[in-house]
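Just so it is clear, none of the values below were taken in a lab; they were calculated from the coordinates. Nothing here was measured: the structure is a model prediction, and the numbers come from that model. Here the Cβ positions follow ideal geometry from the backbone for every residue, glycine too, while neighbour counts run over all protein chains shown.
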2 protein chains.
Amino acid sequence: MSLRALVNGYGFLGRRVARALASGKVPGVKLVAVARSTGYIHRPGGLTLEELEGDIASLEGFVEGSPISLLEDGKVDLLIELTPTNLPTGEPALTHIKTALSRGIDVVTANKAPIALAYRELTELSRSTGALLLFEGTVGGGIPLVSLRRFCLRGDEVLSIRGILNGTTNYILSRMHFEGLTFELALREAQNLGIAERDPTLDIEGYDTALKLLILANSVMGLNRRLEDVRITGISRVTADAVSLAKEAGLAVKLIGSVSPDGHLTVAPRLVKLNDPICVHGTLNAVTFRLRTAGDLTLIGEGAGEPTVTSILNDVWEVVTVRGRLTGARGT
Amino acid sequence: MSLRALVNGYGFLGRRVARALASGKVPGVKLVAVARSTGYIHRPGGLTLEELEGDIASLEGFVEGSPISLLEDGKVDLLIELTPTNLPTGEPALTHIKTALSRGIDVVTANKAPIALAYRELTELSRSTGALLLFEGTVGGGIPLVSLRRFCLRGDEVLSIRGILNGTTNYILSRMHFEGLTFELALREAQNLGIAERDPTLDIEGYDTALKLLILANSVMGLNRRLEDVRITGISRVTADAVSLAKEAGLAVKLIGSVSPDGHLTVAPRLVKLNDPICVHGTLNAVTFRLRTAGDLTLIGEGAGEPTVTSILNDVWEVVTVRGRLTGARGT
C-alpha cells in the first residue's frame, strides 16, 4: 500500500512537489492532502494533477484551518513540511513536525528554522518513535549534502566545512566583483530581479547562512551547536573599494560559512582565491567538506528554487525505501 | 555474523583497504583473506593489523596461486577486487568478478576495466543471482558519482555529463597553462613526480578518461555503450601556443569527457572558461551532471590515490547495510 502524504505549505516548492507526487514521480507515495495558510484539502483516494491546477481553496471539500488534525487522526503517513522559514520561533512548522514525529509519522522538510533551532530535540524525538526526519532541502537547494554524507561518505569523517550557502549575497558580491557596483546598487538590482527580498536582512546580515551552517554542523559533523554559538557578520559593510582591491590581487570577497576543525562556527565575508573550487559566482552555492581520507570534496550547484525539488523528492524516495514500499530499488 | 571479505590485489589501495577493514572501520565485516599476484593468505578467524604490517607472503599459511578457490568453495561473502586495470581483456579481474557474482558473492571493485568492458553482462549476472556489484572507486577517486546518483538524486534525471576524469592529464595541462611548459616537458615533470606512468599512453591518449566516461554513461545515465562507441582524442598534440592563446582569452585547455543529451560519448581537449566550475587545476577531477530539475551539479575532488579508499569503504558499508549486518545504520 502506498504511503499517504500531506504537503503542508503551498508556495513555490509546495506546488511543484505536490504536482510531482500527483504525477507519480516517486512510486509508493500517494498525495492525499495539501495545505496552505488558510486551510487544507484531504482526498483519501489521492489528489489528481487536474485538482492541483487551480487554487486548492476552490476545490470541493476544502477545510479552513490547520491540517494538524490529519496528523493527529492518523490520516497521513508522511508530512512534507514546506511552510516558509520563520524566525525566531520556527512556528508553525516546529509544531507540525513535533506532532508528526511524536505519532511515528515520517517527516521531510525544506524549512530551515525548525531543524536549525531544535535539531537535537527533533532528532531525539525521531529516534524515540522511529519516525524519519529528513531535511536535505533545507541546505544548498539542489546540492545533496546531508544525504551525501549519509550514503556516499560512510567510513570517512568530515573534519571541517566551508561554503557559500546563500545565493542572494553571492549574487550581490559577484555583481560588485565583476561590474564594480556598490553594495547598495547591487542589492537594489537583486531586489528588482526578485533575487533579494524586500526586507533582505536575513540574507545580507548572514542569518540565512548561519542557519544552514548550523544544520550542516549538527547533522554532517555530529556537533551540538545552537544559533547563539555562530559568530555572524553580514555583507552590508563590504565596500566597492574592498572588492576591487581583492580583485586586483586575484581574490574575491565571498560570504563564507565555516565550521573549523575544532568546531567553531563562523559566518563572515572572506577573501577567496579566484581558482579555489569554492569561488563560484552569481546565485550558485558551493560547499567543501574536508574529509579525513578523501581530502577536500567540493559540491557546486543552485542553492534555491526549482533544484530544491530534487532534494525533497530524494528524501521522499528514501522514506518510501525505508518503509519497504518500493520493491527492488536497492541492490539493482 | 560478520561478512567475510577477501581483498584481492595488494597494491596501494589494497593495503589501505585491508588495514581499514582489519582495524574495524566498517562494522559487520571481517577481513578473512588477502591476495596478491603470487598467492593469498586465508584466516577464517580474521586477519589482524599486525599480520598485515609486513609482507603477506611471509605469513604462515600463505598459499601460492589464485584465490579463486576461496570464491568457489564459499569461503568468502564479499570480494573486494583491487587488482590493476588491464586492457584490453580486463583479466584476471573479470574472471574473479564473474566467479563471485555467479555464486551470489557480493563484489566491490575499483578496477575500471571489467566494469567498462562488460557492464551489461556483469549487471545482468548481478541481477540474476542477487549479488551486489558496486564500483564507486572506478571513477573519480574519492568523488561519489555512482552512489550520488543512486542515493541522492532519485526522482531527478541525468541529462548529460561533462568532466575532467583524469588527474595526470589535468596536471600536465595545468602546468602548460600556468608555467607555459611544452607538453613534452610537462609530461616529463609529471613522470618524475610519479604522477604519470613510465608508459603514459592510457592517460595521455584519453583511454583512461574514456573508460571512466563509459562507466558513468552506463551506470548513471542507464545507457548501453561500449568502448568503441567513444570518440577519443588525447592531449599529446596540444601545443604550448594553443594553451597560451586560450589563456589570453580567459580560457583553459582541458581534457573533457562528455556524454551529450543524445547519448554521444566524446573524449577530447576542449576550451573551458576559467570561471566554469569544472575548470579545476593540478591533479583534481571535476564532473558536472546536468539534471532535469536540479540543473547543473558539479563535484570536485581528488581523482586518485588515498581518497579512493573512501569510495571503496562506502561501497563495503552499503553491502553490509543491504545484507542486514549493520543494525540501525539507516533511518537514524
Inset, instruction - Enter the angle in degrees (range 0 to 90, nearest 10) between the Cα long axis of helix B:308-322 and the first principal axis of the Cα atoms of chain B, meaning the one along which they spread out most. - result: 50 degrees
Legend entry - Partners for B:Lys212 among lysines (Cα-Cα distance below 21 Å; same-chain residues under 8 apart left out): B:Lys98, B:Lys112, B:Lys254
Legend entry - At 7 Å out from Cα toward Cβ: A:Thr201 inter-copy label distances (nm, ascending): 6.9
Legend entry - Relative contact order for segment A:150-302, counting Cα pairs under 8 Å that sit 6 or more residues apart, in percent: 35 percent
Inset, instruction - Report, for the protein assembly as shown, the % of DSSP beta bridges that are antiparallel, rounded to 5. - result: 65 percent
Legend entry - Cross-link reach list, aspartates and glutamates versus B:Lys25, counting only Cα pairs under 16 Å and skipping chain neighbours closer than eight places: A:Asp156, A:Glu157, B:Glu50, B:Glu306, B:Asp315, B:Glu318
Inset, instruction - Kindly provide the helix-only [θ] at 222 nm of chain A, computed as the sum of -39,500 (n - 2.57) over DSSP H runs of four or more divided by all residues, to the nearest 500 deg cm²/dmol? - result: -10000 deg cm²/dmol
Inset, instruction - For chain A, find the longest principal axis of its Cα atoms and tell me its angle to the long axis of helix A:119-129, 0 to 90°, nearest 10. - result: 30 degrees
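Cut-off is 10 Å between beta-carbons; in what order do B:Met176, A:Met1 appear when sorted fewest neighbours first? It would help to have the intermediate numbers written out before the result.
On the way: B:Met176 26, A:Met1 7.
Result, fewest neighbours first: A:Met1, B:Met176.
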Inset, instruction - Would you mind listing the distances between the A:Gly250 label point and the same position in each other copy? Use 7 Å along Cα-to-C-beta, nm, one decimal, shortest first. - result: 1.8
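Give the percent of DSSP beta bridges with both residues in chain B that are antiparallel, rounded to the nearest 5.
Antiparallel: roughly 65 percent of the beta bridges in chain B.
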Legend entry - Label 7 Å beyond Cα on the Cβ vector: B:Leu59 copy-to-copy distances, nm: 6.2
Legend entry - DSSP-defined beta bridges in segment B:1-126 - what % are antiparallel, rounded to 5: 30 percent
Legend entry - Beta carbon of chain B nearest to the axis of the rotation taking B to A, residue and angstrom distance: B:Phe151, 2
Inset, instruction - Note down the magnitude of the dipole of segment B:150-302 about its Cα centre, charges +1 on Lys and Arg C-beta and -1 on Asp and Glu C-beta and zero elsewhere, to the nearest 20 debye. - result: 380 debye
Inset, instruction - Could you tell me the distance between the Cα centroids of segment A:121-153 and segment B:247-288, to the nearest Å? - result: 33 Å
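Can you compute the FRET efficiency between B:Ser244 and A:Ser2 using 1/(1 + (r/R0)^6), with r the Cβ-Cβ distance and R0 = 45 Å? Round to the nearest 0.05.
Values: r = 60 Å, r/R0 = 1.34.
That pair, B:Ser244 with A:Ser2, gives E of 0.15.
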Inset, instruction - List the lysines whose Cα lies under 21 Å from the Cα of A:Lys30, skipping any in the same chain that are fewer than 8 positions away. - result: A:Lys75
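If exposed GluC sites (Glu not before Pro) are those in a DSSP loop with at most 13 other Cβ within 10 Å, what is the longest stretch of chain A that has none? Don't skip to the answer; put the middle values down first.
Working: sites that count: A:Glu50, A:Glu53, A:Glu60, A:Glu197.
Longest stretch, sites excluded: A:61-196.
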